[in-house]
Every structure is written in C-alpha cells, then in structure tokens.
1. Quick one: longest stretch of chain A between exposed loop chymotrypsin sites (Phe, Trp or Tyr not before Pro), exposed meaning at most 16 other C-beta atoms within 10 Å and loop per DSSP?
2. DSSP loop GluC sites (Glu not before Pro) in the range A:24-87 with at most 10 other Cβ atoms within 10 Å of their Cβ, which ones?
3. For B:321-331, what's the mean count of beta carbons from other chains sitting within 10 Å of each residue's beta carbon?
4. Just to confirm the number: angle between the C-alpha axis of helix B:257-283 and the first principal axis of chain B, 0 to 90 degrees, nearest 10?
5. Calculate I(q)/I(0) for chain B by the Debye formula, one identical point scatterer on each C-alpha and no solvent, and give its log10 at q = 0.12 Å⁻¹ to two decimals.
6. Any idea what the relative contact order of chain A is, in percent, if you count C-alpha pairs under 8 Å spaced at least 6 apart?
7. How many angstrom separate the Cα center of the range A:239-261 from the Cα center of the range B:65-81?
8. Filter the trypsin sites (Lys or Arg not before Pro) in the range A:298-348 to those in DSSP coil with at most 14 other Cβ atoms within 10 Å of their Cβ, and list the result.
Amino acid sequence: MNFVFSKRAKITTLVLMALGVIGIIGGLNSHNPHDHGGQEFWSNLLVCGFYFFAIALGGLFFYALQYAAEVGWSSQLKRVFEGIFHRNIPAFSLVLVIVFIASTLHVNHIYHWMDPGTYSEFVIPATVEGEHSTYTDNAEATGAQVNLGIDKIIKNKRAYLNEGFWWARTLVYLGVFIWFGNWFRKKSIEEDALDGTTLHVKMFKRSAIFLALFAVFSSTLSWDWLMSIDTHWFSTMYGWYVFSGMWVTFMIFATIATLYLRDKGFLPKVNDSHIHDLGKWMFGISMLWSYLGLCQFLLIWYADIGEEVIYYQQRFENYGLPLIVMCIINFVVPFLVLMARDAKRNPVFLRLSGCLILIGHYVDVYLLVMPGTMHGHSHYSWWQPLMFLGFLGLFVYLMLNSFTKAAMVPVNHPFIDESEHHSI
Amino acid sequence: MQKEAAIREPLILGDKSYSQITEDVMAPIVGSPTMWWKVLITISGIIAAWGVGNILYLLGVGIGTWGLNKTVGWAWDITNFVWWVGIGHAGTLISAVLLLFRQKWRMAINRSAEAMTIFAVMMAALFPGIHMGRIWQAYWVFPLPNQFGSLWVNFNSPLLWDVFAISTYFSVSLVFWYIGLIPDFATIRDKVTGGWRKKLYTALSFGWSGRAKHWTRFEEVSLVLAGIATPLVFSVHSIVSMDFATAVIPGWHTTIFPPYFVSGAVFSGFAMVLTLLLIMRKVMGLEAYIHTKHVEYMNIVIIVTGSIVGVAYITELFISWYSGVEYESYAFINRATGPYWWSYAIMMTCNVVSPQLFWFKKLRTSLMFTFIMSLIINLGMWYERYVIIVTSLHRDYLPSSWSEFHSTFVDLGIFIGTLGIFMTLFLLFARFFPVLALNELKTILKSSGENFKKADH
C-alpha cells in the first residue's frame, strides 16, 4: 500500500513553505543595527540548514545501523526512515552549499578564518576610499605592508582550515551521504520484487562500510561546519556531541512520522511495541546527548583554562536563558516524561514531549552557531521562526512525497515476519 | 508470540532438550574436578600467592618499593586499576545493555561475564587500597564524621567520585549477578542428592520455589536492575576518566575522555570475556552453547568499540595540533616519538589496527585467531593506560624535572599476582557455580535451538 499525500497535508506543508519564504524575505531585509551584511540572516540559514540536514543524516545513520546490527523489529518502519533521509539529504545539502558558497565569496562572515586579513602576512591598503584592502603573502608586491591584524592561531590552522581543503572535504561528505542514501533506497525498492536474501546481505555489508565512513565524517563535518565558527576554540568531544543531537532529533522525527502514518492506516501492523521501542530510543539518545553535553561542560568548567572556558562564558553571558531552558527541555523533559513504560506507549506523551525536544534541539544548534557569528548581538525576531517553519514544511513535504513513491511496508525483507510479531 | 527469522543462525546447537541443558551445566558441579581444572588452579594459586606475598612486602616496606619517583607519581598502580575496572565493563554491558536490547546470544555468556566483572572490580579496588600506604585506614576514603578520627573528604575530587562510582557499581553488579543465579541454584538444589552440596545450594537459592509469582518478580527485578546498571556502565569509566581529564596536564585534559574511556573499557572487557570463554567452552564442553556465532557477535562489538577508540585517538591527536596549544601538541608528539614511543606504537597497533582484521568474516569466525586477538587487545589496552599515565607525566614543565619510570619486581609481582587471584576466583566460580544461565537459556531453546529451527522451516 502506497501512502496517499492528502490534500490537507499538501496545503499545510505548502503554507509552511510560504511562511518560510516570507521569513527569508524578512531576514534579508532585517534591521539589526549590529548586523553588517546580513550576517544574522546567513547564520539563521546555516542553523536551519544544518538542523534539518542533521535529522536526515541521523536517519541514514540509524537506517544503516538497523542493517548492520541485524535488527528485526524495525524492519516494518524502514520506509519511514527512507522517506526521512532519501530526498532531504540532497535538498538540505543544497541549503548548506548555498551558505558555504556565500561564505567563501565573503557575502557573509560566518567563518572568520576565511577572511584573508586573519592569515596573510602582508596587506596592500586600499588607495581609493571605500574599497577593500587586499592581502598577500608576497612581500615583493607593490605597496605591501606588514599585516598587523594577522591572527597567529588562525594562521597556524591554515593547513586544515583553508578554502580548498575545506570544500574538498565538504563535497566528499555530501557526495558520500547522497550516494549511500540513494543506493539504499534503490536497493530497498528492488528487494520488494526479489526473492531470497542476496540483496539483504549486500545491504548489510554496505551499511557497515557506511557506518565506518560516518564514524569519521560525523566528527570532521561538525569541526568543519560548526566548530570552526569559533575558530580559536577546540574540544575533542564536539563531534560526538553534535552527532548525538543528530541522532535524537531523527528518533523523534521518526516517532512522530510513524504515529502519523499509523493513524492514517498506512502502517497496519505497527503495534504499541514498535511505538514503545521508538520511545525508548527517544529517551535513551536524549540521555546520551545529555551525558556528552554534561561531560564536555564539566571538564571545561572544572579545568577552567582560559582558551576553553571562553566558549561557555560567551554563551552564559549573552545566551544564558536560552541555554538553560534548552538544557531543561532536552534533558529534564525526556527524563521525567519518558521514563515510565506507559508514557513511551502513549502517542500524546510522545508527540508533546517530542515536539518540545525538537524545539530544544533547534535552540541547541542555534547556540552552536550564533554566539560565534553574532557574538552578543543576535536579535531573535519574527522572521527567524518563520524561516524555521518554512524549512520544516519543505522537510515534511519531501518526506511525505517520498512515502508515496514506494509501498509503505516492505515485502521480502527477511525480518518482516519478526517485526509483525513484535511484542514486548 | 515472538518469532525468529529463518535467516538468524541458531544459538543452541545440536539436538538439546531442557533436561540436557541442565545436565550440561551441572556436569562440572556434581562431577569430580577434571585434570585441566586442577592444573589451572594450581598454577593460578601459585601466582596468586606470589602476588599476595608482594602485596605484604609492599605494605611492610612501603610505596618506595614501586618504581615511582617525584615526576612519575602514578604508574603501574593506576594503570592496573583502570585496566581492571575497564575489564569489568563487559559484564555489565552484556548483562544490562544487551538485556535491554533483547540480544538473546547474551544468555550463553552473561553469567561468566558478570562473574568476571565482579572479580575484576575487586582486583581494581585493591590498587587504590594498597597505594594508601596505611591500608588499615582505608575507610578514610568514605565521608565519615570527624569524630570517627578521619578528615572530611574532598567532594571536589574525582578520586572521591570514583569511590562512590565503583562501590555503587560493585554492589549493583553483585546483586544483579546473584539475582540471576538464584533460579539456577534452585535447579541444582533440586538435582543434587544429599551431602554438603544439597545444604550449600539450599542456602544459596534463598527458598526459590519456581512459582509463577517468583518468576514475575524475577523478571521485574532484572529489568529494574538493568535500568540501574546501564547508566552505571557509563558513569564508572567516565568518572575514572575524570581522574585525569579534570586536571590541566596536557594529554590528560581533553573533553572526549569520558565516552572514549567507556568505549575502551567495553573493548577490553570483551577481549577478556573472549580469552576466558574460549578456554572455558573447550574445557567444560560447552561448545553447543558458546559457539562461532557468539564469538562473531563479540568480535563485532570489538570492531565497533575498537574503532570508536581509534576515532578518539585520532581526534585527540588532531585536536592537539589544531588547538595551537604548544604544550598539548608537545604532549602528543612526545607520546609518538619520545622515549616511550614503543608503548604508543603497541597501543596503536593492538587497539586500532589489529581489530580491523575482524572486518574479514574468515578471521572473525576463527576461534584460534580470535583467541590470539583477545590477548593482543588485553595487552594493547593495558598499554593505552600506561601511555596516558606515564608518558603524560614523565616530562614535567621544567626540563630539570624530566624523569623516566622504571618498574620494579614489586610492580610486576603485584600485577601478575592480581591475574593469579582473578583466575583463581574465576576457576572456583567455574567449578561451583552454574556457568551458564541455564533457566534463561531454556527460554530460547524452542525459538533459537538448532533442532527446533530446522523443524519449523
């Protein structure tokens, strides 16, 4: 049975996207007196782009994990997972690439290290008023003076943080994710028409390879795209922290999507045990995120080394309230609400706490980006939530559209019988 | 009703029945000890005695008999401590985390892995104890009132958190292990006829009757304990890592330490489980219950945790350069190229490179190869702690304080001795306790037993 994209759902997602367009226009015309050149707009685009990209990527990771770990119960839900990542990884890669191109062309100043003023030895001051100075490492260039504004720390990172290598990495990550996402989806649909387990075994092997690549890329991409915003700062935990955020937001999205599809009758064999298991993942990975976040904070706070604590100092000083509220939502809510067995089987509890935690993690990504790009000057105004809703609309639209393209419940999956008899 | 897919390999081989499972597990308990067992316990007993002798010598003469000096103030003692605590992790992971994940293959290995956990944690706790010098005042580590004659403990110290973490961990693991044993003790009690055995197992089984009510409570308690034990898997080694990471010593202070220590602990724990079980299944004739598929699953856990550890090593190395902090970079360059480069090389080869060989199905299903690998990993994980501890300390900020660590026979004797004590305890366990969770195994016989699976399809 294929999913039918109802008129109502179509209109809702399109309205959300329209709101998003208004948000984007509002962002481009925003008047934050401290904001030069639309930095706030671009930072928000990065926040939204990364947030939804991360949900989709978390989906691909979890999907591969189900194959690699030979998981039975979730096999009925695999089309739900596919729908989440299949079109959204390429779509939100595009959003990220747009932000990155704008950064590279200096349309925005998200990545401070891309500014040649930070790493060039010499400067050729502008001769005409209003023009930009040019930077060079060539002492012989006409009019070259020693660049006094050089940032030694950034210059030392240049071997890793330079546009060429950084773009190469970015394109490899995105290329690998898109390729694997498409491959899994294609083979999964092929399997429906095939007998035997050859394809399943092939997917098992491929998923292990994907996970090995993901283990490295999930860390490096978070250094490249997010940690390098606070260019001086570093933390070895960072990559795993960002990864756990990806994973938990995906789990919530998958739970809410599964509940929706079950209500509409497209997943007839999904029972309370499946929902319970999804709820356990929401709970468990929320705890993992809290654990990683706490350890990172605790160790930096305890050692109190200037280069490291500055990261939290900036966040506490300028973003104290959202930071604390975010921690409460992302840790206390799942801890208290989802601890009990019955809560994890109750759609109302799952939906409410899920939506709340999704917002909490939006704030988390916001706090990963904004303090580094806007410092103390970001200003939360109407167009930012609209932009978020717009991308949410796009994400849900692509997901639901993907559901219509293949049978909602896979056939010939070797574990499908196990999944249908799942009972805990 | 639960179903098991045809594609899954059977977990119990051969044509077993319920009563055969009981007989197989009880055979070593009711029979007389085998030649193998006698030889092994003699050897481990001698080594244990040697260890106890060294410990007494240490207590009599003092910590000066270790190779510590004013620069390297921590070496084998804490290395051994962390190594043993790490080994303990596999038991809890198998019994608690794999229970929550409904991994049925755990039933063949959980009992012995939990026993291993308990003995390993005992060995770990020994080291801070004997390090104190005045072991008769060991209770000072607990927050006791001043009237008791002690000083109030420092709650800011991760070493104190360790006391709490490890004692909680030990108690929960012990209770978890014992609860699981009760129905199996009762089965033995009902089978043996008279003599001291009957009395012993009657006492140990706490009046278990096997009524439905007992089983319901048993299952509830198991789940609750699994729920408590799962965060403990994380907390214990996270706090052990904080012994180092809260400091400002380059090479110690890094935020990835807690999860990376946890992963490393599970990694080394599984290696030790494999070392012990590969011998035990042979000596005790348990090949039908612990077979290639179990070993393969454990090897997959080893690839995963080993690779996580590998990613962490590379992350640390990379960030030490990326940070631009001179001391941090130097600490890592010194690890890899300084006087202790060999220990770094052993660590990298044993922990990161060699587990990758398990990507080949042929190797991860070879029992001989797995056994050799498990020893390599045990060695590698000991060296990991040695690298972290000794190489980070031996070159102090002032070059005039630079020093090297040379172990003494007491360092070696105590470490080898703990291996002997550990093995002795484990062998006693294997002789008198049911080494497989026999009642739990019976629950999967009809869904995962080879003969039943064949009949089904």
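A short reminder: the numbers here are calculations on the coordinates, not readings from a lab. All values derive from a computational prediction rather than experimental measurement. Cβ placement follows ideal geometry from the backbone for every residue including glycine, while neighbour counts extend to all protein chains displayed.
1. Working: sites that count: A:Phe5, A:Tyr380, A:Trp382.
Formally, the longest exposed-site-free interval is A:6-379.
2. Numbers: sites: A:Glu40, A:Glu70, A:Glu82; in loops: A:Glu70.
The qualifying sites: there are none.
3. Shielding by partners across B:321-331 averages 4.
4. Its long axis makes an angle of about 40 degrees.
5. Log10 of I(q)/I(0), two decimals: -1.09.
6. Details: 569 pairs, mean separation 148.3, N = 424.
Rounded, it is 35 percent for chain A.
7. 45
8. On the way: sites: A:Arg315, A:Arg341, A:Lys344, A:Arg345; in loops: A:Arg341.
Listed in order of number, the matching sites are A:Arg341.
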